[in-house]
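The values are calculated or read from the model by the stated rules, or taken from the named source; none is laboratory data. All of these numbers come straight from a predicted model, not from anything done at the bench. Note that each Cβ is placed from the backbone with ideal geometry, even for glycine, and that neighbours are counted across all protein chains shown.
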Amino acid sequence: MKHPLERPDTQPAWCPGCGNFGILKLLEEILTELEYDPKNTVIVSGIGQAAKTPYYINTHMFGGLHGRALSVATALKCSNPSLHVIAEGGDGDMYGEGGNHFIHTIRRNPNIVHIVHNNMVYGLTKGQASPTSQKGYKTPVQVEGVSSEPFNPISVALALKAGFVSRVNIGNYAHAKETLKEAFLHKGYALVDIFQPCVVFNKVNTYQWFKNNTYELDHSHDRSNLISAMTKALENDPIPIGIFYQKDTLTFEESIRGNGAKALFTQTHDIEKIQKLFESY
Amino acid sequence: MMKDANIPFASTISDEPVTLPDHNRVEKHHTHSLSILIGGAAGTGIVTLENLLSDAFKQHGWYVFSTKEYMSRVRGGSNTTLLRIADGPVYAPCWHVDLCIALDENAIPHVQARLRDDTMILADTSINHEEVQIQSMPMIDSVRKVGSLHYINSYVAGVLFGIFGIDSIVLSKSIKTIFKEHDPLKNEAAMQEGFSYGKSLSSINLPKLPEARKNIVDTFHLINGSTAAGFGFLAGGCNMITSYPMSPSTAVLNFMASISDIFDVVVEQSEDEIASLNMVLGGWYGGARAMTSTSGGGFALMSEAMSLSGVSETPAVVYLAQRPGPATGLPTRTEQGDLNLAIHSGHGYFGRIVLAPGDQQECIDYAYLAFELADRYQMPVVYLSDQYLADSIGMLPSIDFSNYEQRRYIQPTESSYERYRLNNTGISPRGVPGLGEGLVVSSSHEHDERGQSTESYQIREDMVKKRKQKVDLAISEAHAPKVMGKGSIAIIGWGSTKYAISEVLKALNDQRLFHVHFTWVHPLNPAHLEILKNTEINIVIENNVSGEFADILKRYEIQIDHTILQSNGFPFFTDQLKEELSSIIKDLR
């Protein structure tokens, strides 16, 4: 059955059984349940299988360059703070090519939702290691197995005191939905790292593997405590999922433009002020 | 969501292109000028002395131009500032100088090549040099008596006014302004010490002073190329700048930051230049008027986003202040070596406009125009300045900023809106999210009319044609070069060489020579180049090693007979350029 938010006349170019289908459905349902007006919602993405997602959801979208969605999304949100802005892409896109922007976007804290499809492998370029691939994982390029330490987006985000840090497993749909919804309701930058399998290239980290190797953080975890969040983030056998940390802080657009700033396209400069400033030289 | 369309200055592509304000100026050159070179270490206040003297000379009634050359260090080394004072407009530097002030011992060997036999050199009594005759002044002892070496600048300014025999009241006024918060009384005392000493030297052989034009120039504005560009960007409606600092572009970022408390301008220092230009695109996509500032190395990192601007038809403005490369090159020096980079950066075919202002007025006009053109054609516009133009201070008469026509090309969307709808101009109305009923789908992929990725070869052909059509439109609306004078020998320049060339042509007073100055350097309109096919000789002057612009003209079948090129980190100096050009034209009979 077609979801009303599905973009008309489009066919997802994903492989059958891909975890991306679940994430697409998740996003459609959440936007609908939160009653976000698609005409006031923008999804910014980069390049990769995950970054194709906004082409299939009927909202505004800016499909940019590999790794650069966060830069576009940050400036977009600042230019019109009344928009709901989502940046979406895969682990290679957001943590590899866009690693520098990942760090500095967290520092800025724009009020956006950052969704990262994390399947621990490169899909679009056919099976090379991603920054999150586990040690020893063999690929056509990493023939002896990955030797680099896997990138831990949760602990990195926590080290930068991101305001909302979470991880979910698309195989655990209800939990994923509940968590992503909270990310949307959080004011400020919100990271949602989503475990998903690549059914074609990653024969190790499958639906079953993610199920067997994750556990839900329960109420005993204090999500306002940065230190215990970091301890949880460093656990890897099994891997915790859920909201690691949450804290409200001033957003990028608020600190730069103040509260309730208007869309820049409605604003003009006072020419007399320019004139007056010039006369002072 | 905003359902009511409320776009200020709403315009569409069917409106005729804007015209730049006519500033109603008769541009006459000076008839006499005097040059003063000040040499000293970084961090010793050489810039303060430049500002103090410029202001005081202006108040006295002289036209003033100043330019600096400095090392890539914060303290120490040996830097110079050149001041030229004149009885008419002056906007270019000279190599040899009439007067030199050495603030320390190292300054003398640093400037030695620029001294003539009759150059007067002023330095502290403690400074001696085997080959150079120095006019000593008790600078250090005098300012120590006043209290501190901090007052050297005021002392030296006083000496100059004393030697020139000008009333020190003007200088006192400038000291009050410039040192408002830094001991104005001590500075005044140091100045008076210098002034008395200068007066005692008035019998020495002094270069002839230019005539003062009081009540004309004292109303003018002293402004450098960076600040002038900043005013132009503001006039163009710039309300977002995202940049990574890089010499010599940073002054524009600083200017925007300095005014962000009075204007609604988003200023953000990005983590790298890749982020800078992607942020610019995010800004424009959201309806902002965004720019970035950088130099060659940073711009190289922006290549991919230039390409994204091209295919997604998202406007962008890049202020590119050139310095000599390759790589780190000479970070604080000047060159016109990034023209090819500006024109060709980015993969794939897409349109862009490259503008290269030649003086402070053009810095304002074309910065304004950069925003107008980016919005009009939905393509990136590169504004090419260089260290020389950015850092040089010249004088501008008053400007009426209400003469810069304001336009905004974004449009409210209907529910059937398609971002890349084909039409007869190649330019589809640009919607922004949150304004109207439509969805704005922008894409880096090849896309169909609504913005969806496509691999259809027919749609690909249509979209390539659409983007090419925009280039053709921009060419048909391109600005022609400024042609100054007429004759059989065209002296061709672009960007910051404008005044060096025109001063040299005036000095040579050869009826065969005329000046063709390009500010709109890409894409060129072949009809504008016809004039260069009717000349006997074409000579291109540009500050790079390979003749980048000359090569472009050759592609339009313009015969280039001679080039005068330079790549030593300096701007063209009028006296040197005059000799080079003379030696070429003396053989042309």
**Q.** Complete set of residues in the stretch B:433-448 that are assigned to a loop (DSSP other than H, G, I, E, B), more than 7 Å from every other protein chain (Cβ to nearest Cβ) and either β-branched (Val, Ile, Thr) or in contact (Cβ under 8 Å) with a residue 60 or more places away in the chain (or both)
**A.** B:446
Q. When you scan the stretch A:255-279, how many residues do you find that are within 7 Å of chain B (Cβ to nearest Cβ) and among the basic types (Lys, Arg)?
A. 2
Q | Condition broken by residue B:541, with the remaining ones in (1) surrounded by fewer than 24 Cβ atoms within 10 Å (Cβ to Cβ); (2) within 24 Å of the chain's Cα centre (by Cα) satisfied | A | (1)
(Q) Only one of A:29, A:35 is at pLDDT 95 or above, part of a loop (DSSP other than H, G, I, E, B) and surrounded by fewer than 22 Cβ atoms within 10 Å (Cβ to Cβ). Can you tell me which? (A) A:35
Q: Return the only residue of B:218, B:264 being touching a His at 6+ places or on another chain (Cβ under 9 Å), closer than 23 Å to residue B:282 by Cα and surrounded by fewer than 23 Cβ atoms within 10 Å (Cβ to Cβ).
A: B:264
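The rows are residues; the columns are (1) exposed (fewer than 15 other Cβ atoms within 10 Å of the Cβ); (2) without any contact (Cβ under 8 Å) to a residue 60 or more places away in the chain.
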position: B:95; (1), (2): no, no
position: B:101; (1), (2): no, no
position: B:104; (1), (2): no, no
position: B:107; (1), (2): no, no
position: B:110; (1), (2): no, no
position: B:121; (1), (2): no, yes
position: B:131; (1), (2): yes, yes
position: B:137; (1), (2): no, no
position: B:140; (1), (2): no, yes
Q: Name every residue in the stretch A:122-134 that is in contact with a Ser or Thr (Cβ under 7 Å, 6 or more places away or on another chain) and either over 19 Å from residue A:97 (Cα atoms) or not aliphatic (A, V, I, L, M) (or both), in order of residue number.
A: A:122, A:127, A:128
Q: Please find, among A:121, A:85, the residue that is closer than 26 Å to residue B:302 by Cα and surrounded by 24 or more Cβ atoms within 10 Å (Cβ to Cβ).
A: A:85
Q. What is the residue count in the stretch B:556-589 for residues that are over 13 Å from residue B:538 (Cβ atoms) and not in a helix (DSSP H, G or I)?
A. 12
Q. Quick one: is residue A:10 out of contact with any helix residue (DSSP H, G or I) (no Cβ under 9 Å at 6 or more places or on another chain) and either of a type in the set (S, T, N, Q) or under 21 Å from residue A:126 (Cα atoms) (or both)?
A. no
**Q.** Extreme residue, farthest from the other protein chains (Cβ to nearest Cβ), among residues of the stretch A:7-21 that are part of a helix (DSSP H, G or I) and buried (at least 19 other Cβ atoms within 10 Å of the Cβ)
**A.** A:19
Q: Look through B:44, B:12 and report the one residue that is closer than 30 Å to residue B:376 by Cβ and touching a residue at least 40 places away in the same chain (Cβ under 8 Å).
A: B:12
Q) Taking strands (runs of 3 or more DSSP E) that do not extend beyond the stretch B:1-86, which have at least 1 residues that are within 14 Å of chain A (Cβ to nearest Cβ), in contact with a Lys or Arg (Cβ under 9 Å, 6 or more places away or on another chain) and under 26 Å from residue B:505 (Cα atoms)? A) B:63-69
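Could you list, in sequence order, the residues of the stretch A:45-70 that are facing chain B (nearest Cβ under 9 Å), in a loop (DSSP other than H, G, I, E, B) and in contact (Cβ under 8 Å) with a residue 40 or more places away in the chain?
Residues of the stretch A:45-70 that are facing chain B (nearest Cβ under 9 Å), as a first pass: A:46-47, A:52, A:54-55, A:58-70.
Among the residues that remain, those that are also in a loop (DSSP other than H, G, I, E, B) are: A:46-47, A:58-59, A:64-68.
Passing the criteria: A:46, A:47, A:58, A:59.
Those residues that are in contact with a strand residue (DSSP E or B) (Cβ under 9 Å, 6 or more places away or on another chain) and either of a type outside the set (Val, Ile, Thr) or modelled with pLDDT under 95 (or both), I need them from the stretch A:81-95; list them, please.
Across the stretch A:81-95, the qualifying residues are A:82, A:83, A:84, A:87, A:88, A:89, A:90, A:91, A:93, A:94, A:95.
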**Q.** Residues that are surrounded by fewer than 16 Cβ atoms within 10 Å (Cβ to Cβ) and in a helix (DSSP H, G or I), drawn from the stretch A:264-281
**A.** A:266, A:272, A:273, A:276, A:279
Q. For the stretch B:406-459, how many residues are touching a helix residue (DSSP H, G or I) at 6+ places or on another chain (Cβ under 9 Å), among the aliphatic types (A, V, I, L, M) and under 22 Å from residue B:351 (Cβ atoms)?
A. 6
Q) When residue B:483 is evaluated against the numbered criteria (1) out of contact with any Asp or Glu (no Cβ under 6 Å at 6 or more places or on another chain); (2) surrounded by 18 or more Cβ atoms within 10 Å (Cβ to Cβ); (3) of a type outside the set (S, T, N, Q), which criterion, by number, is the only one it fails? A) (2)
Q: Run down B:202, B:226, B:247 and say which single residue is touching a residue at least 24 places away in the same chain (Cβ under 8 Å), assigned to a loop (DSSP other than H, G, I, E, B), more than 10 Å from chain A (Cβ to nearest Cβ) and within 25 Å of the chain's Cα centre (by Cα).
A: B:247
Q: Please verify whether the stretch A:233-254 includes one or more residues that are within 13 Å of chain B (Cβ to nearest Cβ), outside any loop (DSSP other than H, G, I, E, B) and surrounded by fewer than 18 Cβ atoms within 10 Å (Cβ to Cβ).
A: no
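For (1) of a type in the set (Lys, Arg); (2) assigned to a loop (DSSP other than H, G, I, E, B); (3) in contact with a Pro (Cβ under 8 Å, 6 or more places away or on another chain), each residue gets a yes or a no:
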position	(1), (2), (3)
A:110	no, yes, no
A:117	no, no, no
A:122	no, yes, no
A:134	no, yes, yes
A:142	no, yes, no
A:145	no, yes, no
A:161	yes, yes, no
A:166	no, no, no
A:177	yes, no, no
Q: Say whether the condition of being surrounded by fewer than 22 Cβ atoms within 10 Å (Cβ to Cβ), aliphatic (A, V, I, L, M) and within 18 Å of residue B:453 (Cα to Cα) is met by at least one residue in the stretch A:65-74.
A: no
Q: Collect the residues in the stretch B:269-284 that are facing chain A (nearest Cβ under 7 Å) and surrounded by fewer than 22 Cβ atoms within 10 Å (Cβ to Cβ), keeping them in residue-number order.
A: B:271, B:272
Q | strands (runs of 3 or more DSSP E) within the stretch B:314-432 that include 3 or more residues within 14 Å of chain A (Cβ to nearest Cβ) | A | B:393-396
**Q.** Tally of residues being over 22 Å from residue B:206 (Cβ atoms), among the acidic types (Asp, Glu) and outside any loop (DSSP other than H, G, I, E, B) across the stretch B:124-179
**A.** 1
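So which of B:486, B:468 ends up being assigned to a helix (DSSP H, G or I), farther than 29 Å from residue A:49 by Cα and either within 12 Å of chain A (Cβ to nearest Cβ) or charged (D, E, K, R) (or both)?
B:468
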Q.
For the stretch A:71-82, give me the residue count where each residue is over 26 Å from residue B:301 (Cα atoms) and more than 7 Å from chain B (Cβ to nearest Cβ).
A. 1
